[in-house]
């Protein structure tokens with residue numbers, strides 16, 4: 001199954017990159033299979049360092065901001081114990097990993113990794129419908145350059161109803177941030193034609 005979360009990696013310059021990612025996992029969480037695009041900073045960092053940290057969180061605002069590259073300032077973090085990397089201390093669980101195999105032959109890279117350390121900071125609050133809707137909206141926002149504007153707008157209208165009915169302040173803020181981002185990207189896209 002795919003488990004949505006956040007990955008932190010370290011770049012050539014020592015900078016921390018925070019990106020949403022949904023690796024394939026088994027329930028034992030011993031191995032992770034990532035499928036980033038070869039143009040992504042996460043891929044470049046993993047290719048360079050070969051290790052990182054995968055985080056499970058119910059903080060959909062952080063997921064939304066990570067999806068569109070707007071996490072400023074960086075969330076509180078601590079050094080990982082067994083890999084060169086950083087753990088976001090506000091997450092629920094974390095999994096430090098080392099890459100064991102790269103397959104660059106497809107449109108998306110396949111990276112197999114083994115978990116070398118894990119830990120837990122807090123209980124997961126859980127996911128209501130609004131949190132799920134924000135995750136779906138964040139995924140759509142990362143595909144604004146690939147999907148037709150009308151399709152994205154239609155999906156956002158459906159998701160907006162769910163967030164309005166079942167969300168709290170964090171979910172509404174996250175959804176608003178994503179809506180503004182998508183509108184801005186679509187405007188840039190239409191201006192470039």
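The values are calculated or read from the model by the stated rules, or taken from the named source; none is laboratory data. On a predicted model such as this, the values are computed, not experimentally measured, just so you know. Here the Cβ is made from the backbone with ideal geometry for all residues, glycine too, and neighbour counts use every protein chain on show.
One residue is enough: does segment 117-137 have a residue meeting the conditions part of a strand (DSSP E or B), surrounded by 12 or more Cβ atoms within 10 Å (Cβ to Cβ) and without any contact (Cβ under 8 Å) to a residue 40 or more places away in the chain? Give the derivation first.
Keep residues of segment 117-137 that are part of a strand (DSSP E or B), which gives 117-120.
Going one step further and asking which of them are surrounded by 12 or more Cβ atoms within 10 Å (Cβ to Cβ), we end up with 117-119.
Now drop any that are not without any contact (Cβ under 8 Å) to a residue 40 or more places away in the chain, which leaves 117, 119.
Yes.
So in segment 29-54, with the set limited to residues that are over 15 Å from the mean Cα position of the chain (by Cα) and assigned to a loop (DSSP other than H, G, I, E, B), which one is farthest from residue 142 (Cα to Cα)?
30
Please go through segment 144-173 and give me each residue that is at pLDDT below 90, surrounded by 11 or more Cβ atoms within 10 Å (Cβ to Cβ) and under 20 Å from the mean Cα position of the chain (by Cα), ordered by number.
Across segment 144-173, the qualifying residues are 144, 147.
What do you reckon, is residue 70 part of a loop (DSSP other than H, G, I, E, B) and in contact with a helix residue (DSSP H, G or I) (Cβ under 8 Å, 6 or more places away or on another chain)?
On the way: part of a loop (DSSP other than H, G, I, E, B): yes; in contact with a helix residue (DSSP H, G or I) (Cβ under 8 Å, 6 or more places away or on another chain): yes.
Considered against the rule, which asks whether it is part of a loop (DSSP other than H, G, I, E, B) and in contact with a helix residue (DSSP H, G or I) (Cβ under 8 Å, 6 or more places away or on another chain), residue 70 comes out as yes.
For segment 164-193, how many residues are touching a residue at least 24 places away in the same chain (Cβ under 8 Å) and assigned to a loop (DSSP other than H, G, I, E, B)?
Result for segment 164-193: 2.
Mind checking which residues of segment 112-159 are in contact with a strand residue (DSSP E or B) (Cβ under 8 Å, 6 or more places away or on another chain) and more than 22 Å from residue 70 (Cα to Cα)?
Those that are in contact with a strand residue (DSSP E or B) (Cβ under 8 Å, 6 or more places away or on another chain) and more than 22 Å from residue 70 (Cα to Cα): 112, 113, 114, 115, 116, 117, 118, 119, 120, 121, 124.
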